[in-house]
Amino acid sequence: EAGVTQFPSHSVIEKGQTVTLRCDPISGHDNLYWYRRVMGKEIKFLLHFVKESKQDESGMPNNRFLAERTGGTYSTLKVQPAELEDSGVYFCASSQGTTYQETQYFGPGTRLLVL
Amino acid sequence: RKEVEQDPGPFNVPEGATVAFNCTYSNSASQSFFWYRQDCRKEPKLLMSVYSSGNEDGRFTAQLNRASQYISLLIRDSKLSDSATYLCVVGTSYGKLTFGQGTILTVHP
């Protein structure tokens, strides 16, 4: 069974540009999460989808970040316009259910560098 | 104060050693507790869930003390392949995970 996949694996852009990250969860997983790790800091939660609905977006840093999950399958995270502090590794995770013991499976991450 | 605090490490131990990692969390409403392992430039992978009764998986033993809001991980008979960053992770009832900064472990021959 395929795991969580993310695209691209790396992205280097200039400040002010737009970048769109994509996440394909494990097939059949209704729950999709975005997390981010900036240099020297811990991994932090950004938001949680249940199917196509945003369950919790309390971790989104500001309105330059827009996440979508049309159709409840893959998700995109757009950063527009990108700032230097947006650099980091963006992880996507998925799980089948939302019981608190449900395992979240992480994708390999997208490494974003904003110059 | 960070929501999840871990020993910063790094820990450098010889093969065969026993090593213990500690973690505290601040949100008393936390529902789930995990140790994840992250290899260099890879994604976090679940090592084990942690239960109040304590649980063991081979050479790995995890303990949870809800009263003290304290989580631990013990690795016995360390192997070279155990070298990684160990992440203490706490979850809410809806699945949101809060991560510690991680502890780097290096096992040397």
Label point distance in nm, B:ALA17-B:LYS42, each placed 7 Å from Cα along Cα→Cβ = 2.2
Express the relative contact order of chain A as a whole percentage, based on alpha carbon pairs under 8 Å and six or more residues apart in sequence.
-> 37
Per residue of the range B:5-21, in order, report the coupling 6.51 cos²θ - 1.76 cosθ + 1.60 (Karplus, θ = phi - 60°) as ³J(HN,Hα) in whole Hz, putting x for Gly and Pro.
-> 10, 10, 3, x, x, x, 9, 10, 10, x, 3, x, 6, 9, 9, 10, 10
For the range A:16-21, take each phi angle, set θ = phi - 60°, evaluate the Karplus expression 6.51 cos²θ - 1.76 cosθ + 1.60, and give the result in whole Hz per residue in order, putting x for glycine and proline.
-> x, 7, 10, 9, 10, 9
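Would you tally the net charge around B:TYR25, using a Cβ to Cβ cut-off of less than 12 Å, leaving B:TYR25 out, and scoring K and R as +1, D and E as -1? Could you put the intermediate results ahead of the total?
Numbers: positive: B:ARG1, B:LYS2, B:ARG66; negative: B:GLU3, B:GLU5.
Within the 12 Å Cβ shell, the charges total +1.
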Dimensionless Rg ratio for the range A:71-115, taking C-alpha atoms and the 2.2 N^0.38 Å reference | 1.46
How high is the relative contact order of chain B, in percent, counting Cα pairs under 8 Å that sit 6 or more residues apart?
-> 38
What are the extents of the Cα atoms of the range B:1-105 along their three principal axes, listed from largest to smallest and rounded to whole Å?
-> 38, 30, 22
Jot down the per residue volume, in cubic angstrom and as a whole number, of the convex hull over the alpha-carbon atoms of chain A.
-> 95
Using only the alpha carbons, work out the radius of gyration and Dmax of the range B:50-109 in angstrom.
-> 13.1, 42
Under a 5 Å amide H to amide H cut-off, with H placed in plane at 1.01 Å, what residues pair with A:LYS51 once short-range neighbours are removed?
-> A:ASN31, A:LEU32
Cα-only radius of gyration and Dmax that characterise the protein assembly as shown, units Å = 17.7, 51
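Could you check what % of the DSSP bridge pairs in the protein assembly as shown are antiparallel, to the nearest 5?
Numbers: 69 of 77 bridges.
If we restrict to bridges inside the protein assembly as shown, about 90 percent are antiparallel.
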Along the charge dipole of the range B:12-85, Cβ charges K/R +1 and D/E -1, which of B:LEU80, B:PHE60, B:GLN31 sits furthest on the positive end?
-> B:GLN31
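Suppose the chain between A:LEU113 and A:ARG22 were pulled fully straight at 0.36 nm per residue; how much longer would it get relative to their current alpha carbon spacing? List each step's numbers first, then the result.
Values: separation 91, 0.36 × 91 = 32.76 nm, distance 1.60 nm.
Contour length minus Cα-Cα distance gives 31.2 nm.
Readers should treat all values here as calculations from the given coordinates under stated rules, not as data from a laboratory. Predicted model only: the values in this text are computed from it and were never measured. Ideal geometry is used to build each Cβ from the backbone, glycine not excepted, and the neighbour counts take in all protein chains shown.
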